[in-house]
Every structure is written in structure tokens, then in C-alpha cells.
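The values are calculated or read from the model by the stated rules, or taken from the named source; none is laboratory data. Because the structure is a prediction, the values reported are computed rather than measured. Because the Cβ atoms are built from the backbone with ideal geometry, glycine has one as well, and the counts that use them run over all protein chains shown. When the accessible area is computed, the model is the full protein with side chains, heavy atoms only, and any ligands, DNA or RNA have been set aside. Shrake-Rupley method; radii C 1.70, N 1.55, O 1.52, S 1.80 Å.
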Amino acid sequence: MVGEVRLGTMAAISMVVVLASLGLVDALDRFGAWPVLPALFPVVPLGIAAIVAIAMRSLDFNDILRGGNIHSSSLGWALGGTALSTVVLVASPVGTALGGIRGLILIATFVIGLALATFLVAPALRAMRATTLAEAFGAKYGAPARTLVAITVVLILLPLLAAETSLAGTVASRMLGLSPQLAEDIILGLVAIGCIAGGMRAAIALAAVLGPVVALAYLVPVAAVSLGETWLPLPWIGLLEPETLTTTTRIPNVVALAFSVSLIVGVAVMPALLFPAWTASSKPPARRNMLFGVAFAAVILLAAPSYAVYGRLAGIDPAIDPLGLVVNFPDRVGLPAMPAVLLIGGLLSAALITIAMALATTATTLGHDIYGGVIERKAPAGRRIFVTRLGMILVVGAILGINRMALGSAAMLAGVSLSIAAASLGPALLIGWRLRTTTQLAVLAAIAVGLWLTVVNVLLARFAPEFSGSYLGMGVVMPTVLGPTGWFGLPVGLSGLIGIGGGLATLLAVSWLPRVHWPLLWLRVRYMARRLKRKFPARTRPLTATAPANVSAGPEVAAAPPPPAAETPMFGPFPEIKDSGTPDDPRPTLRLSGV
């Protein structure tokens with residue numbers, strides 16, 4: 001209860017500080033103050049995040065690696081805040097603007113995946129009493145599964161971290177006037193300090209405290225625009241506009257299908273989304289609070305059609321400037337400075353939440369699963385905490401290196417992260433976890449096949465397009481928003497569909513084929529073949545030639561019936577018949593009747 005009151009107080013104070021800062025920004029804008037002063041508002045959420053992270057500092061194993069004892073009401077806010085990443089807030093209006101009704105379907109699939117993660121996957125993992133996702137796999141399927149899942153989690157979250165930091169740096173540079181790389185370094189440094197101080201507990205606290213700020217920042221601009229058409233501010237007015245459903249779609253059917261499957265499966269097993277619904281609290285989170293978190297995220301995302309409709313009217317092309325559809329929205333529609341700076345601050349807050357959750361999850365996996373589960377299994381808790389904090393520094397360095405190398409756009413990196421999660425962990429967590437016939441070998445094979453198909457597809461299409469297109473059947477490797485095209489013409493950001501199919505087929509085959517009794521199956525096949533042969537005799541028996549009938553001039557004489565067969569008793573002595581034998585052998589021969 002103490003943790004709940006503390007986070008609730010922090011959230012209330014943070015909202016008061018944000019509203020007071022907005023009032024100051026509006027006053028400065030009205031009186032014609034120096035334009036740089038209102039532009040400094042995004043620093044306020046960064047300062048709130050730093051204060052919350054320092055307040056959540058701890059040295060306890062339960063706090064650093066599992067999130068601590070947080071009440072379920074705070075976990076509901078944390079779940080909604082974690083789901084509203086910057087990539088999601090920007091991609092939702094773009095998908096609606098480019099796809100119309102298909103964009104709304106993609107938003108619905110994202111919410112469905114979030115519900116599956118909250119009500120289906122997280123309770124199953126919580127029942128294992130494990131600290132991490134990899135440890136839960138190890139408890140159910142053995143140490144090799146724990147090692148493989150730990151590596152998979154790192155490969156999932158590294159592209160997501162790179163995408164979020166890249167997007168956050170671009171957003172911050174537009175408002176603060178800094179270079180994108182410098183803004184990335186500052187944001188990563190702040191998040192690293194907070195996670196080193198408080199670990200997973202600080203990351204969940206950031207999501208719970210800054211979640212309402214993200215919601216306010218995303219809804220205010222479109223609510224202000226709606227006041228010109230309605231008496232009440234309605235940020236969801238875009239759902240009532242006919243253009244939302246009748247717009248000409250520029251998303252092909254195959255892409256929409258692949259994106260929908262990747263969203264449902266990938267979001268359902270995304271490691272960073274599972275921890276707000278699965279922590280070390282003394283009691284399981286209340287279902288109503290978890291339902292509130294899912295509904296909170298859905299309500300915020302339903303404002304995306306308003307950005308799409310009014311952004312198109314303002315002349316923003318989502319295909320040319322997808323980020324501008326959200327970031328430049330207040331300026332294009334003629335809103336004052338207050339909604340503009342609030343929106344930038346909300347996007348930065350969303351990036352802080354996602355980066356903190358992904359960084360804490362990755363570092364926990366490195367310290368607890370890879371080091372504590374493979375390298376030194378008897379390592380004490382203090383040493384695991386030290387390695388976890390050291391892992392945060394190493395992950396930050398890796399993210400900076402990925403962004404400096406410019407391996408791809410933020411959309412491509414986010415799509416690759418989603419595809420790896422869906423292809424590797426999706427079949428095992430959503431299907432294999434609940435099948436009693438699933439074996440350890442089946443889980444290992446399914447994760448390995450899905451991971452291999454996705455990662456190899458990305459690497460070949462990104463670094464060896466000519467070789468892949470000429471010799472590996474990828475066709476013409478073309479650049480798209482979601483990366484170059486790979487197998488079956490799908491962008492690498494949507495390659496999870498291929499991995500899901502391969503992983504699911506491997507899981508079922510390895511689980512069921514060894515249980516088949518092959519001799520009995522062969523006998524059944526032969527029995528069915530004989531039944532079919534008897535059922536269709538005309539097709540199976542060869543035709544025989546018949547002799548011509550003997551035509552006579554006289555009247556037809558009926559053929560004499562054959563003599564009745566001699567009755568032989570079923571039991572007892574058979575009758576004997578004497579034969580004269582052959583000329584060479586004068587001895588009589590005994591024969592049975594009917595032979």
C-alpha cells in the first residue's frame with residue numbers, strides 16, 4: 001500500500017507541474033516572450049523522469065530485477081503507458097491516413113495483442129514464480145531453453161531500443177534545436193542513470209507516472225481542433241468523418257495481413273510489455289486494473305484517425321513526411337504554442353517509458369539469465385545486480401553504435417523487433433505453452449527456426465541484396481519504408497509472418513511426429529487401401545476377353561445345374577475317397593472331399 005500511495009502522489013504532482021508549465025508557456029506566448037522559452041517545455045518531462053528514477057533507487061534484488069512490490073492500480077497505469085510508445089503514437093495516424101479502414105484494423109490488432117499479453121501470457125508466466133521470461137522457460141523446458149530465450153530477448157529489444165532512441169532524438173531536435181545524435185545521447189544518458197539507480201522498479205514507476213502525461217499530450221491537439229466543429233472537445237471526432245473509412249488505401253492486402261499477424265503475435269509476447277502485468281507483488285494484479293490499462297491504451301490510440309483526417313486537410317502527406325503528421329500537426333492546423341510543446345513533451349515521455357522498460361528488461365536478461373544462468377549459476381544476488389547494471393552500460397553503448405551505423409529507419413527497426421518477437425516466442429508462448437504434448441526439443445526447435453528465418457532474412461536482404469536476389473530466391477530486393485524486401489516480396493520489417501509459419505510447423509511436427517506409432521499407421525493405410533480396392537472393383541480388376549457365344553439353330557436348352565457339393569461335417573473324421581492312382585504308381589491315393 002505504501003508503494004501505491006507513493007506512485008499516486010508522484011503522478012498527481014507530476015500532472016500539476018505539467019499543467020502549471022503549460023500555463024506559463026501560454027502566458028509567454030500571449031505576451032510575445034522570447035520564442036526559445038516556450039520551446040524549453042519538453043525539459044519538464046525529462047526532469048520529472050529523473051526525479052522519479054532517483055526516488056525509486058534501490059539495492060534490493062526484488063526491486064532491481066523484478067520491479068518490486070507495486071500495487072495493481074499503479075500497474076494498470078504502467079501497462080497503458082508502456083504500450084503507448086513513440087513509434088506506436090506516430091505509426092497509428094500514418095496507418096490510418098494510408099490505409100483507411102485497414103489502419104483502424106491495425107490499431108484493433110495492436111489492442112488485441114496487448115490484451116493477449118495481459119490476460120493470457122502474463123498469468124501463465126507468473127504461475128512459474130520466475131524472475132524473467134527466460135527463467136520461466138527454463139523452469140518449464142530446461143536450461144537450454146532458458147539460454148536460447150535469453151539470447152532471443154536481447155535480439156528482440158536491441159532494434160526496439162534503437163528505433164525509440166532514434167525517433168526520440170529526431171523529435172527533440174525539432175523542438176530544442178539540437179542535433180539528433182546529441183539529443184539521443186542525452187535521452188539515453190538520462191534513462192541509463194534512472195535504470196541503474198532503480199532497475200525494473202524505476203522503469204515501471206516511470207510508466208505509471210508519465211502515462212497520464214502522454215495521454216494528455218496526445219489528446220489535446222486534436223481536441224482543440226474539434227472545438228471548431230463541436231461544442232465539446234472530442235479528440236475522437238476523426239472516427240465520425242467519412243474520409244476515415246472511404247480514403248483510397250495505399251496498403252496492399254498482403255502487407256495488411258502480414259502486419260496484422262505480426263502485431264497480434266508480436267505484441268502479445270513482447271518482453272517489455274509483460275513486466276507491468278507480471279511483477280513480484282504479493283498478490284496477483286486485479287483484472288479490473290489490467291483491463292483499465294488495456295482500455296486506456298485503446299482510448300488514446302482511437303484519436304489517431306483525427307490526426308490523419310485533419311493532417312490531410314492541412315496538406316501533410318504521410319507517405320513523404322510520416323513523422324510530420326504528428327509532430328507538425330499543431331503548426332499546420334494553426335494551433336498556439338501550448339499544444340505544440342505539450343505534444344513534443346508527450347512524445348518524449350513516451351520514448352522515455354519505452355526505452356526504460358526495454359533497457360531494464362535487456363539488462364536483467366544479461367545479468368540474471370546469461371551470466372547467472374550460464375556463466376556462473378551460483379552467483380549471489382549482489383553480483384547479479386552488479387552485472388545487470390554493467391549490462392545497462394553495455395546496451396547503451398550498443399544502441400549508440402547501431403544508431404551511428406544507420407542500419408535502417410526507425411520504422412524498419414521497430415518492425416524487425418516485432419517480427420523477431422512474433423516468429424521466435426509467438427508459437428511457443430501462445431500455443432506450445434498450453435499443449436501437454438509439447439516437448440523440450442519442440443520448443444527449442446520452434447524458437448530456433450523462427451529466429452533463424454527472421455534474422456537471416458533481415459541480414460541477407462540488408463547486407464547482401466544482390467546475392468540474395470540472384471541465388472536465394474528473394475527476387476528483386478527493393479527498398480521500402482519497412483526495409484528492403486526479402487523472401488516472398490515482404491519487407492524485412494514484416495518477415496515475422498514467415499517465421500511464425502515455420503516455427504509453428506516445427507513445434508507441432510517435433511511434438512507429434514515422435515508419438516506416432518508408425519507400424520500401426522502403416523497397417524491402417526493398408527487397410528484403407530484394401531477397402532478402397534473393394535469399393536471400386538471395376539477400376540482395379542483388369543478386363544478379360546470372353547469367348548463368342550455358340551449360336552445354334554435349334555431351341556435353347558437350359559444348362560443343367562451343378563451337382564450339389566458333398567456335405568462335410570464341421571468336426572469329426574472327414575470321408576475318404578479311394579483313387580486308382582496313376583499308371584506309374586499303382587498304390588491307391590486318399591483324398592479329402594472338396595480338395
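A few comments on the model shown:
- Where helices (runs of 4 or more DSSP H) sit wholly within the range 34-119, none has at least 2 residues that are open to solvent by less than 40 Å² (accessible area, probe 1.4 Å) and without any contact (Cβ under 8 Å) to a residue 12 or more places away in the chain.
- Checked against the criterion of being under 26 Å from ILE70 (Cα atoms), in contact with a Pro (Cβ under 8 Å, 6 or more places away or on another chain) and not acidic (Asp, Glu), the candidates LEU210, LEU188 yield just one match: LEU210.
- Matching entry among GLY382, GLY372 (being touching a Lys or Arg at 6+ places or on another chain (Cβ under 7 Å) and either without any contact (Cβ under 8 Å) to a residue 40 or more places away in the chain or open to solvent by 10 Å² or more (accessible area, probe 1.4 Å) (or both)): GLY372
- Among the residues making up the range 181-215, a single one is touching a Lys or Arg at 6+ places or on another chain (Cβ under 9 Å) and closer than 20 Å to ALA411 by Cα: GLN181.
- ALA217 meets the stated requirement of being open to solvent by less than 10 Å² (accessible area, probe 1.4 Å), in contact (Cβ under 8 Å) with a residue 24 or more places away in the chain and farther than 30 Å from ASP369 by Cβ.
- Leading residue by the ranking (farthest from the chain's Cα centre (by Cα)) among those in the range 148-186 that are small (Gly, Ala, Ser) and outside any helix (DSSP H, G or I): GLY177
- Those helices (runs of 4 or more DSSP H) lying entirely in the range 392-488 with at least 3 residues open to solvent by 10 Å² or more (accessible area, probe 1.4 Å) and in contact with a Leu (Cβ under 9 Å, 6 or more places away or on another chain): 410-424, 440-463
- Test for ARG126: is it in contact with a Phe, Trp or Tyr (Cβ under 8 Å, 6 or more places away or on another chain) and either free of Cβ contacts under 8 Å to residues at least 40 places away in the same chain or surrounded by fewer than 21 Cβ atoms within 10 Å (Cβ to Cβ) (or both): yes
- Look at (1) more than 18 Å from the chain's Cα centre (by Cα); (2) open to solvent by 30 Å² or more (accessible area, probe 1.4 Å); (3) closer than 14 Å to PRO271 by Cα; (4) not small (Gly, Ala, Ser) and you find that PRO144 fails only one, number (3).
- The single condition among (1) touching a residue at least 40 places away in the same chain (Cβ under 8 Å); (2) out of contact with any Leu (no Cβ under 9 Å at 6 or more places or on another chain); (3) in a helix (DSSP H, G or I) that GLY23 does not satisfy is (1).
- Being modelled with pLDDT under 90, on the phi > 0 side of the Ramachandran plot, surrounded by fewer than 17 Cβ atoms within 10 Å (Cβ to Cβ) and more than 26 Å from the chain's Cα centre (by Cα) is a description that does not apply to GLY189.
- Residues located in the range 303-342, provided they are more than 19 Å from THR230 (Cβ to Cβ), out of contact with any Lys or Arg (no Cβ under 8 Å at 6 or more places or on another chain) and hydrophobic (A, V, I, L, M, F, W, C): ILE320, LEU323, LEU325, VAL326, ALA337, MET338, ALA340, VAL341, LEU342
- Residue that is farthest from ARG201 (Cα to Cα), among those in the range 340-360 that are surrounded by 24 or more Cβ atoms within 10 Å (Cβ to Cβ) and touching a Pro at 6+ places or on another chain (Cβ under 6 Å): VAL341
- In summary, PRO159 fulfils each of the numbered conditions (1) out of contact with any Asp or Glu (no Cβ under 9 Å at 6 or more places or on another chain); (2) over 30 Å from ALA308 (Cα atoms); (3) crowded, with 24+ Cβ neighbours inside 10 Å with the single exception of condition (2).
Matching residues to (1) under 18 Å from the mean Cα position of the chain (by Cα); (2) hydroxyl-bearing (Ser, Thr, Tyr); (3) closer than 15 Å to LEU155 by Cα:
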| position | (1), (2), (3) |
| --- | --- |
| ALA410 | yes, no, no |
| ALA423 | yes, no, yes |
| TRP433 | yes, no, no |
| ALA448 | yes, no, yes |
| LEU459 | no, no, yes |
| GLY469 | no, no, no |
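- Residue within the range 256-265 that is in a helix (DSSP H, G or I), of a type outside the set (A, V, I, L, M, F, W, C) and without any contact (Cβ under 8 Å) to a residue 60 or more places away in the chain present: no
- Elements of type helices (runs of 4 or more DSSP H) in the range 267-336, at least 3 residues being open to solvent by less than 20 Å² (accessible area, probe 1.4 Å): 271-274, 287-301, 304-313, 324-327
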